[in-house]
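> Below is a structure I'd like to ask you about.
The values are calculated or read from the model by the stated rules, or taken from the named source; none is laboratory data. If you're wondering where the values come from, they're calculated on a predicted model, not measured in any experiment. Virtual Cβ from ideal backbone geometry, glycine too; neighbours counted across all protein chains shown. Just so you know, the surface numbers come from the protein's heavy atoms only, side chains and all, with ligands and any DNA or RNA stripped out. Shrake-Rupley method; radii C 1.70, N 1.55, O 1.52, S 1.80 Å.
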Amino acid sequence: MRRTRRSPYRKRLGAVAVAAVAVASPLVPPLPAVADSVVVGGQPTSASDAPWVVALSSRDRFGGTRSGQFCGGVLVAPTKVATAAHCLREDVLGERPGDIRDFKVIVGRTELHGSKGQEIPVTGVWTHPSYDPKSNARDLAVLTLARALPAGYVLPVAEAGDAVHRPGTEAAVYGWGDTTGIGTYAHTLRSARVSVLPDGACAQAYPQAGGRTAYQSDSMLCAGVPQGGRDACQGDSGGPLVADGRLVGLVSWGSGCGRADSPGVYTKVSAVMPRM
Ligand code: 4AZ
């Protein structure tokens with residue numbers, strides 16, 4: 001199995017090590033969400049119930065044990081997949097996405113250890129021209145697929161102003177990412193139920209202070225549960241936040257996973273998606 005020196009997993013080893021110390025030390029309270037952790041705090045789900053969820057894959061870069069999965073994505077048109085721009089950064093992938101010869105999207109594969117579903121080559125990568133890697137603003141990329149999928153695989157994108165953006169909206173996040181916050185990657189698709197939070201709560205959790213990444217309500221939204229324990233995590237990036245049958249957000253960033261005071265931050269798709 002070949003791995004890049006700077007895979008998304010590798011770059012997180014620092015954080016993983018810190019978390020492991022926190023768990024081991026009796027002086028530090030245990031991490032929330034470890035007990036029943038997805039996607040942290042979620043449950044197994046089937047790709048047939050969420051046909052629009054895809055895995056971004058490169059076995060060349062990330063090895064074959066989990067079908068080469070390194071991020072999530074969502075079908076927004078028969079040949080178009082929305083994902084997070086940060087998934088495709090050269091410092092994350094180890095090379096430019098256009099140079100990865102086996103860059104594919106996997107659809108219909110609940111279980112990454114299996115071979116069900118389809119693997120479709122990616123023929124084009126568009127990154128939002130105003131994506132800002134420092135702030136994570138406008139964290140959106142759109143992939144073009146080598147062949148079209150049936151319309152039944154496509155998830156409609158919520159329009160700007162759609163009621164699903166309102167605080168309190170019940171939504172679900174999907175992915176094959178870390179289920180504990182300490183590097184336990186799922187091999188089965190999972191989903192967790194979270195609520196869209198008011199912009200004020202997101203800004204309070206991630207204030208503009210001391211050079212930290214701040215919440216920006218124009219291109220982001222945040223979601224979580226008051227007690228924590230349900231959240232997206234590493235490896236879920238680019239995957240969908242879905243409410244009422246529409247795409248609301250893409251997993252983008254956050255402080256840790258499942259912490260009560262640190263909700264997950266999502267790309268607000270309606271605000272940054274171009275008309276296609
Ligand atoms: C990540 O690093 C990441 N808890 C994704 C989602 C969240 C945190 C980190 C949200 O890909």
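> Find how much the distance from D132 to A271 grows on full extension, using 0.36 nm per residue of separation minus their present alpha carbon separation; answer in nm with one decimal.
Extra length available between D132 and A271 comes to 48.6 nm.
> Please list D231, D132 in order of solvent-accessible area, largest first, computed with a 1.4 Å probe with all protein chains present.
Listed by decreasing accessible area, they come as D132, D231.
> Summing +1 for each Lys or Arg and -1 for each Asp or Glu, what net charge is found among the other residues whose Cβ lies under 13 Å from the Cβ of V74?
Local charge sum for V74: +1.
> For D218 and T184, calculate 0.36 nm times their separation in residues minus their Cα-Cα distance, and state this gained length in nm to one decimal. The partial results should precede the final answer.
Numbers: separation 34, 0.36 × 34 = 12.24 nm, distance 3.26 nm.
Going from the current span to full extension adds 9.0 nm.
> With no solvent and one equal point scatterer placed on each C-alpha of the chain, evaluate the Debye formula and give log10 I(q)/I(0) for q = 0.07, 0.11, 0.12, 0.14 Å⁻¹, two decimals.
Log10 of I(q)/I(0), two decimals: -0.21, -0.54, -0.65, -0.92.
> Could you tell me what percent of the accessible area of the chain is made up of carbon and sulfur, with a 1.4 Å probe and every protein chain present?
Heavy-atom surface of the chain belonging to carbon and sulfur, 1.4 Å probe: 52 percent.
> Also, quick follow-up: Using the heavy atoms of the protein chains and a 1.4 angstrom probe, tell me the accessible area per residue for the chain in square angstrom.
Dividing the accessible area of the chain by its residue count gives 43 Å².
> Quote the FRET efficiency, to the nearest 0.05, computed for S115 versus R193 with a Förster distance R0 of 30 Å and r equal to the Cβ-Cβ distance.
On the way: r = 30 Å, r/R0 = 0.98.
Plugging the Cβ-Cβ distance into 1/(1 + (r/R0)^6) gives 0.50.
> A follow-up question, please. Order 181-193, 142-154, 101-113, 247-259 from most to least packed using the mean count of other Cβ atoms within 10 Å.
Working: 181-193: 20.8, 142-154: 15.6, 101-113: 18.6, 247-259: 25.5.
Answer by packing, highest mean first, reads 247-259, 181-193, 101-113, 142-154.
> Got the relative contact order for segment 151-242 handy, in percent, Cα pairs under 8 Å and 6 or more residues apart?
Relative contact order, segment 151-242: 34 percent.
> Given only helices, namely DSSP H runs of n ≥ 4 each adding -39500 (n - 2.57), what is the per-residue ellipticity at 222 nm of the chain, to the nearest 500 deg cm²/dmol?
-3000 deg cm²/dmol
> Normalised by the number of residues in segment 52-99, what is the relative contact order in percent for Cα pairs under 8 Å and 6+ residues apart?
27
> Right, next: Given a Förster distance of 35 angstrom, what is the FRET efficiency for R147 paired with S255, based on the Cβ-Cβ distance and rounded to 0.05?
That pair, R147 with S255, gives E of 0.35.
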